[in-house]
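Since the structure comes first, as structure tokens, the remarks are kept for the end.
The values are calculated or read from the model by the stated rules, or taken from the named source; none is laboratory data. Note that the structure is a prediction, hence the values are computed from the model and not measured. Using ideal geometry, Cβ is built from the backbone for each residue, glycine included, and neighbour counts are taken over all protein chains shown.
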Ligand SMILES: Cc1cc2nc3c(=O)[nH]c(=O)nc-3n(C[C@H](O)[C@H](O)[C@H](O)COP(=O)(O)OP(=O)(O)OC[C@H]3O[C@@H](n4cnc5c(N)ncnc54)[C@H](O)[C@@H]3O)c2cc1C
């Protein structure tokens with residue numbers, strides 16, 4: 001396994017639990033990648049993902065833990081969070097009934113609004129169920145199509161016709177494309193989950209993204225560090241091997257006899273799964289480079305980055321709010337990113353693994369373009385980093401007015417940080433901005449037709465996020481096991 005992010009660790013653990021012998025090769029000093037963590041002055045900060053999606057009973061993440069025999073990780077189920085729009089606040093309740101009432105109350109209850117939400121809910125319900133049943137895309141073989149028909153069920157098959165529709169088209173059809181608060185809220189949710197805009201976001205993916213709360217958001221005690229401590233102990237307990245601080249440099253050979261050249265020697269493997277970003281896979285695995293090239297060229301303009309401010313603060317600076325998570329939009333008319341759409345996550349009050357007693361860990365994140373961070377001199381970079389950090393904290397003070405005034409830790413992560421610490425080329429995170437042209441049937445597949453070589457992770461289908469990586473790991477683990485059984489049967 002190349003890469004010990006969520007996708008790599010999940011795939012390796014599934015395979016190890018199913019009886020294969022696995023080794024994860026990870027460049028960083030510990031696992032996690034974009035769902036990782038770092039420690040500073042007694043605080044533990046999540047570097048990217050702060051919430052695990054669909055890790056509760058019946059969910060895609062819970063299925064992962066079940067399949068490897070691991071107990072659920074203790075954590076807090078988020079009851080929801082507040083969406084701060086420029087002119088109103090909407091509580092994004094996890095509870096379906098409360099959310100239905102709230103959205104009609106705050107965003108409009110006309111027959112058009114009701115019809116829009118009914119259709120979105122229907123799509124979300126069918127495709128969440130299909131995800132949990134292990135739907136697999138892109139369809140490469142007749143057996144995939146058959147499997148998907150079963151996963152979708154009779155209610156879902158007719159809805160597959162929406163595969164090439166965008167959320168914007170559906171809003172137009174309901175006469176709601178010009179409804180600023182509704183479009184503002186949807187834009188925030190869609191940018192966060194499929195990294196796209198309303199008019200480009202594939203409808204089905206957007207419907208899933210808009211409803212992730214209903215699928216359950218959990219923050220582990222100790223944040224992602226708490227999750228990974230348990231996960232790695234479990235993986236090692238299954239017999240899995242983990243080599244950290246060990247970048248993979250080149251993979252050569254063929255199925256049954258691969259050589260993985262790393263900075264710390266050569267490893268032999270029958271099959272290799274690359275859970276690296278697709279651009280890195282193309283560099284490290286020459287046999288996949290040519291086949292990946294059309295996807296990489298297509299998706300290059302669609303890559304984006306993130307900025308995160310990490311604050312370690314006295315508890316009173318975040319007091320007075322019922323929810324620990326908040327999402328803020330400043331301006332309906334300006335493009336999203338660089339503070340216009342940002343997420344504020346605060347560690348839970350009793351989470352002593354995330355912050356020292358009487359303190360909290362705070363993560364403020366926003367999207368950013370990569371071009372503005374490329375080619376800066378060190379001095380220009382420092383200024384830009386300081387300015388955006390101050391700006392994000394200032395904007396977050398709409399929620400917590402004295403936030404950061406007495407911070408013990410104040411760090412800012414930028415695309416440069418993701419490049420340096422998470423080894424993401426150019427600091428791009430989360431895969432491509434999703435459109436009908438690059439996702440689902442057009443997504444980077446898990447196999448490019450080279451026996452014994454597989455891809456998984458957020459630059460492959462179904463894309464970014466912990467739930468997407470957990471689903472991808474299931475598909476790839478099944479394929480690897482099938483290939484291993486075929487080889488064993490031939491011997
Ligand atoms: C700011 C931010 C906030 C987010 N918030 C959420 C959230 O709240 N909920 C959610 O579900 N998702 C969230 N996400 C998305 C989620 O974190 C990612 O989609 C997911 O973690 C990606 O996992 P991955 O395994 O595909 O890739 P990665 O996490 O990038 O893992 C790849 C691994 O490969 C390693 N690696 C790279 N090159 C090499 C090499 N040559 N040799 C060996 N190892 C190598 C890296 O160090 C890394 O550990 C967020 C992302 C960001 C950036």
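Yes/no per residue for (1) more than 14 Å from residue 1 (Cβ to Cβ); (2) buried (at least 21 other Cβ atoms within 10 Å of the Cβ); (3) more than 14 Å from the ligand (Cβ to nearest atom):
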| site | (1), (2), (3) |
| --- | --- |
| 261 | yes, no, no |
| 265 | yes, no, no |
| 274 | no, yes, no |
| 285 | no, yes, no |
| 298 | yes, no, yes |
| 302 | yes, no, yes |
| 305 | yes, yes, no |
| 315 | yes, no, yes |
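Checking each residue of segment 35-46 against the condition of being within 6 Å of the ligand (Cβ to nearest atom) and either over 14 Å from residue 469 (Cβ atoms) or not in a helix (DSSP H, G or I) (or both) gives no match.
Close Cβ contacts (under 9 Å, 6 or more residues apart or on different chains) running from residues in segment 41-56 that are at pLDDT below 95 to residues that are in a loop (DSSP other than H, G, I, E, B) and near the ligand (Cβ under 9 Å from one of its atoms) comprise 53/465. Report whether or not residue 309 is farther than 30 Å from residue 15 by Cβ and within 15 Å of the ligand (Cβ to nearest atom). Yes, satisfied.
When you scan segment 441-452, do you find a residue that is within 15 Å of the ligand (Cβ to nearest atom), at pLDDT below 95 and under 23 Å from residue 27 (Cα atoms), even just one? No, there is no match, as no residue in segment 441-452 is within 15 Å of the ligand (Cβ to nearest atom), at pLDDT below 95 and under 23 Å from residue 27 (Cα atoms).
Any idea which of 85, 137, 120, 107 is buried (at least 18 other Cβ atoms within 10 Å of the Cβ), modelled with pLDDT of 95 or more and under 24 Å from residue 467 (Cβ atoms)?
Result of the check over 85, 137, 120, 107: 120.
Annotation note: Cβ proximity below 9 Å between a residue of segment 15-40 that is on the phi > 0 side of the Ramachandran plot and a residue that is away from the ligand (no atom under 12 Å from the Cβ) (sequence gap 6+ or interchain) occurs for 19/481; 19/484; 32/225. Looking at segment 443-491, which of its residues are part of a loop (DSSP other than H, G, I, E, B), more than 21 Å from the chain's Cα centre (by Cα) and more than 24 Å from residue 290 (Cα to Cα)? Residue satisfying the conditions is 491 alone.
Here is a yes/no grid of residues against (1) in the same structural domain as residue 281 (by TED's automatic domain parsing); (2) within 21 Å of residue 247 (Cα to Cα); (3) under 21 Å from the mean Cα position of the chain (by Cα):
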site	(1), (2), (3)
14	yes, no, yes
18	yes, no, no
24	yes, yes, yes
27	yes, yes, yes
34	yes, yes, yes
59	yes, no, yes
84	no, no, no
94	no, no, yes
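Regarding residue 214, is this residue part of a helix (DSSP H, G or I), modelled with pLDDT under 95 and on the phi > 0 side of the Ramachandran plot?
The answer is no for residue 214.
Each residue in segment 173-195 was checked for being within 28 Å of residue 342 (Cβ to Cβ), free of Cβ contacts under 8 Å to residues at least 60 places away in the same chain and out of contact with any helix residue (DSSP H, G or I) (no Cβ under 7 Å at 6 or more places or on another chain), and 1 of them qualify. Any idea which of (1) touching a helix residue (DSSP H, G or I) at 6+ places or on another chain (Cβ under 8 Å); (2) more than 21 Å from residue 477 (Cβ to Cβ) is the one residue 132 doesn't satisfy? Unmet for residue 132, out of (1) touching a helix residue (DSSP H, G or I) at 6+ places or on another chain (Cβ under 8 Å); (2) more than 21 Å from residue 477 (Cβ to Cβ): (2). Checked across segment 67-87, the condition of being more than 9 Å from the ligand (Cβ to nearest atom) and part of a helix (DSSP H, G or I) holds for at least one residue.
Yes or no, residue by residue, for (1) touching a helix residue (DSSP H, G or I) at 6+ places or on another chain (Cβ under 9 Å); (2) within 28 Å of residue 417 (Cβ to Cβ); (3) at pLDDT 95 or above; (4) in a loop (DSSP other than H, G, I, E, B):
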site: 233; (1), (2), (3), (4): no, yes, yes, no
site: 251; (1), (2), (3), (4): yes, yes, yes, no
site: 276; (1), (2), (3), (4): yes, yes, yes, yes
site: 280; (1), (2), (3), (4): yes, yes, yes, no
site: 287; (1), (2), (3), (4): no, no, yes, no
site: 294; (1), (2), (3), (4): no, no, yes, no
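A single entry from 398, 420, 386, 416 fulfils the requirement of being within 29 Å of residue 86 (Cβ to Cβ), part of a helix (DSSP H, G or I) and not assigned by TED's automatic domain parsing to the domain that holds residue 284: 386. Just one of the listed residues (219, 225) is under 30 Å from residue 81 (Cβ atoms), within 15 Å of the ligand (Cβ to nearest atom) and in a helix (DSSP H, G or I), namely 225.
Residues in segment 196-211 that are surrounded by 24 or more Cβ atoms within 10 Å (Cβ to Cβ) and assigned to a loop (DSSP other than H, G, I, E, B): 196, 201. The test for being closer than 21 Å to residue 222 by Cα and within 14 Å of the ligand (Cβ to nearest atom) holds for residue 52.
crowded, with 20+ Cβ neighbours inside 10 Å, closer than 19 Å to residue 288 by Cβ and in contact with a helix residue (DSSP H, G or I) (Cβ under 7 Å, 6 or more places away or on another chain): is that true of residue 414 in this structure?
So residue 414 fails the test.
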